[in-house]
Structures are given as structure tokens and as C-alpha cells.
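Okay, so here's the structure we're looking at.
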Amino acid sequence: MPDTRVLVVDDERSMRELLAIMLRQAGHDVTLAEGGEQAVDVLKNEAFDLVITDLRMRKVDGLGVLRAAKEHSPGAVVLVVTAFASTETAVEAMKLGAYDYVTKPFKLEEIKLTIANALERKRLQDENKALRTQLRRERGFESFIGKSRQMSELLEVIRKTADGLSTVMVTGESGTGKELVAQAIHQESPRRTGPFVSVNCGAIPETLMESELFGHVKGAFTGAVANTVGLFSAGGTLFLDEVTEVPQSVQVKLLRVIQEREIRRVGDTRDVKIDVRLIAASNRDVTRAVADGILREDLFYRLNVIPIQLPPLRERREDIPLLAAHFVRKISAELGKSVKSVSPEALSILENYRWPGNIRELENVIERALVLGSGDVLEAEALPPDLHLSRDLQEVPVEIPPDGLDLEAMLDQIEQRYLQMALARTGGVQTRAAELLRVSFRQFRYKLQKRGQRAAPQG
């Protein structure tokens with residue numbers, strides 16, 4: 001560890017000088033203290049990586065130096081050296097936070113190895129702290145880019161929400177950052193040391209949903225060869241994305257879990273208490289889902305204790321320059337390129353586009369432009385052609401007849417036409433048609449069944 005700062009504390013001059021010579025030969029920056037009192041004064045004003053202190057000294061002993069080090073230089077690793085070692089003093093020093101102790105007389109190789117191990121511990125602690133800081137930066141408040149009023153209000157809601165246990169319902173269009181909000185709530189909460197478990201409810205087959213969420217016991221069904229713990233038992237924070245895709249049969253049990261804070265595994269007769277923070281999300285209009293019978297009303301009220309509605313990117317255009325600059329820095333570093341900025345022409349195009357895919361689409365557009373473009377500035381020519389259309393041309397042209405129209409019937413016809421077109425383009429493959437219309441497979445199948453349409457078998 002280069003430029004490591006070491007404080008040596010001993011009231012014996014010969015021992016101080018011996019340790020100083022050895023440490024300086026190893027390339028360390030050494031400070032000497034003639035006793036405990038001087039060491040405490042030094043620690044109040046300077047920070048050290050390693051403190052080596054004698055245990056028995058007049059006035060302030062080694063345990064006093066250890067306490068001062070933990071108070072004023074908490075990142076320091078402390079090594080105690082003594083000629084009067086006993087089980088009691090060693091245990092007390094370790095309880096107070098000493099890394100290790102060495103008894104006099106000692107061999108130089110012995111103390112060199114102990115010092116090397118202590119500094120390696122220090123390095124690992126610093127690395128762990130840096131990684132935790134980076135994680136909180138990436139998944140906490142610092143992961144949100146923007147200066148708009150909507151972003152300020154969102155951060156305030158997250159800050160107030162994080163410390164509690166109330167269920168949170170995050171809604172917004174695809175690509176607005178719903179999981180990012182859930183991660184931020186987790187990272188800013190007392191539960192940050194526990195796991196953050198994210199589940200896409202639309203990706204779990206209906207037959208496995210209950211077992212996945214609540215677990216099962218051996219023999220509960222064919223293939224259940226062992227007891228399995230469900231996701232609700234993980235602790236920490238559980239994020240249920242696309243919660244409107246949960247089948248009605250499981251919604252009833254999910255409601256009970258939220259009310260009673262206990263689960264019953266598939267095939268079990270016992271209830272198990274759980275300690276987990278639940279955050280749900282959907283890109284659908286959840287009130288419409290309740291009205292259509294897709295989401296149980298009582299479950300909706302249990303989930304919607306703290307509602308968070310994320311605005312689409314087109315409603316906070318003032319954040320687009322900051323987001324674009326952030327993605328340019330992030331992605332150019334990943335690609336090993338030296339793109340520094342976005343040209344005014346390109347930025348104007350980005351600000352005027354409607355962004356139906358929101359922040360995720362903006363990130364993908366920036367990545368494509370950086371891959372295909374050249375130079376240290378992202379130019380307008382590197383952007384996809386459809387972004388160059390004026391905002392008016394991006395809107396769907398509509399008009400109202402003089403005698404008015406039946407909006408529900410019109411929307412129903414439009415939806416049916418899009419379903420037919422998607423099936424025709426994909427040769428009747430429903431999964432691909434659902435992807436084309438940016439809805440889940442379960443949503444797509446529900447819409448087909450509602451209209452009594454049939455499609456070609458999957459394959």
C-alpha cells in the first residue's frame with residue numbers, strides 16, 4: 001500500500017526507532033509519538049492507515065490510544081505491541097477493535113507479516129466502502145438525472161417513503177425508470193443491507209407463480225422434489241414489476257400476505273411470518289385494470305398505500321440535455337471512445353422527439369449514435385432518421401366528425417386492427433406480435449380472447 005501513513009506509539013525510544021526504520025524501508029510515511037498523550041493529540045489532527053501502539057505506557061496506555069484512534073481516525077487499523085501480554089488485555093484490546101497484538105520480544109519477520117496482513121485488511125475495508133458508495137450512487141438518489149420540478153418532487157417522495165414499511169405502487173410508461181425508483185427506495189432505507197429482489201410477474205408462468213412467490217414443500221406437486229423458499233421469504237425489499245399480470249387466483253393469496261405479513265407455502269399447512277418491504281409497479285393504468293376486472297380492487301388499495309406516478313420523458317424535456325450528457329459519458333467510457341458532448345443540432349432533435357420509449361429509448365439512441373458515429377462530438381447525422389421528424393408529424397393524426405363519435409367503439413376498432421396487423425406481420429406468432437405492440441404476452445392473449453380472435457399455434 002503506497003504512501004501508507006503509520007503512527008508508532010511507544011515510550012521506549014529504541015523500540016520507536018526500530019519500528020520507524022523498518023516501516024520507512026518498506027516505503028511507509030511514519031509519524032512517531034513518545035507516549036499515549038502525544039499520540040492522542042496527533043490523532044485529533046491527523047488521519048492514519050495503521051497505528052502501532054505499545055500497551056503499557058504511563059498516563060495514557062495503549063487501550064486509550066486505541067479508543068482515540070477509533071474516535072478520531074476510524075479508518076485506521078490498530079496493532080497492539082506489549083511485553084506484558086495476558087489473555088485479559090489481549091481480549092480487551094480485540095473487543096475495542098484492535099486488529100491483532102504482538103508480544104515483545106518479537107522477530108522482525110513476524111511483525112512484518114502481521115503489519116502486511118493488517119494493511120491488507122485496511123485495503124479490503126476501503127475497497128468495500130468504495131463499492132458500497134458506488135452502489136448507492138448508481139441505485140440511490142444520485143442515479144436520478146434531472147433538474148425538473150417533477151424530478152425534485154419524485155426525490156422528495158422517495159426520501160419520505162424510504163424509512164417506512166408501507167407498500168408502494170409505482171406507475172408509469174415503459175422506460176420511465178420504475179425499477180430505478182424501487183432500487184432507490186431500498187438503498188435509502190434501513191433495509192439496504194438486505195437483498196433487493198426484482199420479479200417480472202409477466203414473465204412467470206401462471207402455474208409456477210404461487211410457488212415462485214411463496215415457496216413449496218416437497219411433494220406439493222409433480223416435480224417438487226425438495227422444499228423451496230419463496231421470494232417473499234428473502235427479506236429486504238421485494239419488487240413486483242407488472243403486478244397486474246398476477247393471476248386472480250394468486251391475487252387473493254397476495255392480498256392475505258400483505259394483510260397478515262405471513263405466507264403459506266404450496267402444500268404446507270403452517271403459516272410463516274415474513275419481514276419484507278413490498279414495492280409493486282405497472283406500466284398500465286391500474287385504475288382501468290381494476291375497472292376491467294384484471295386487478296382486484298381490494299388488492300389495489302393494499303398496494304396503492306403510497307402511489308408514485310412517473311412522468312414520461314416528453315413531459316420533462318428540460319431534463320433531456322442532462323440525461324443525454326450522462327449517457328454520452330457513461331456509454332462512451334464503456335465503448336472506449338472519447339466522445340465529449342452532443343452538438344446543438346443533435347440536442348435540438350433529441351429535445352423535440354416524443355420518446356414513446358422514454359429514458360430507455362433515449363439511452364438506446366445514444367448508444368447507437370456512439371457506435372455508428374465518429375469524432376468527439378455526437379452529431380445529428382448519427383441519430384436515427386425517424387428522430388428528425390417534427391413533433392407534429394410524430395403525433396397520430398385524428399379528427400372528430402361534425403356529429404361526434406363513439407370514442408370507446410373507435411378505440412376498440414383501432415386496437416383490433418393493430419392486433420390483426422401484428423399477427424399478420426409475425427405469421428400468427430403471438431409472442432412476437434406482443435413484442436411488436438410492446439405489451440406482455442399475457443396482455444396480448446387477454447385482448448385476443450376478449451375479441452374471440454384466434455391465431456396460429458406458437459412455434
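The values are calculated or read from the model by the stated rules, or taken from the named source; none is laboratory data. Please read all numbers here as calculations on a predicted model, not as lab measurements. Cβ atoms come from the backbone with ideal geometry, glycine included; neighbour counts cover every protein chain shown. Heavy atoms of the whole protein, side chains included, go into the accessibility calculation; ligands, DNA and RNA do not. Shrake-Rupley method; radii C 1.70, N 1.55, O 1.52, S 1.80 Å.
Of note:
- Residues in segment 167-185 that are more than 15 Å from residue 236 (Cβ to Cβ) and part of a helix (DSSP H, G or I) were compared, and the one that is farthest from the chain's Cα centre (by Cα) is 178.
- Long-range neighbours under 9 Å by Cβ, at least six apart or interchain, first residue assigned to a loop (DSSP other than H, G, I, E, B) within segment 99-110, second of a type in the set (Phe, Trp, Tyr) and open to solvent by 100 Å² or more (accessible area, probe 1.4 Å): 104/84
- Which listed residue, of 95, 112, 104, 122, is at pLDDT 85 or above and not hydrophobic (A, V, I, L, M, F, W, C): 112
- Whichever residue in segment 155-178 is of a type in the set (A, V, I, L, M, F, W, C) and modelled with pLDDT of 90 or more and, among such residues, is surrounded by the fewest Cβ atoms within 10 Å (Cβ to Cβ): 157
- Checking each residue in segment 381-408 for being modelled with pLDDT of 85 or more, more than 33 Å from the chain's Cα centre (by Cα) and surrounded by 10 or more Cβ atoms within 10 Å (Cβ to Cβ) picks out only 381.
- Residue list for segment 29-64, restricted to those being under 16 Å from residue 77 (Cβ atoms), open to solvent by 30 Å² or more (accessible area, probe 1.4 Å) and part of a loop (DSSP other than H, G, I, E, B): 46, 47, 49
- Residue within segment 303-319 that is part of a helix (DSSP H, G or I), under 29 Å from residue 210 (Cβ atoms) and open to solvent by less than 60 Å² (accessible area, probe 1.4 Å) present: yes
- Condition check for residue 300 on (1) surrounded by 17 or more Cβ atoms within 10 Å (Cβ to Cβ); (2) outside any helix (DSSP H, G or I): one failure, at (2).
- Considering 77, 9, the condition of being touching a residue at least 12 places away in the same chain (Cβ under 8 Å) and more than 42 Å from the chain's Cα centre (by Cα) is satisfied by 9 alone.
- Taking segment 357-372 as the range and being out of contact with any Phe, Trp or Tyr (no Cβ under 8 Å at 6 or more places or on another chain) and either among the hydrophobic types (A, V, I, L, M, F, W, C) or crowded, with 19+ Cβ neighbours inside 10 Å (or both) as the test, the residues that pass are 358, 359, 365, 369, 370, 371, 372.
- Among the candidates 146, 194, residue that is open to solvent by 20 Å² or more (accessible area, probe 1.4 Å), small (Gly, Ala, Ser) and over 26 Å from residue 285 (Cβ atoms): 194
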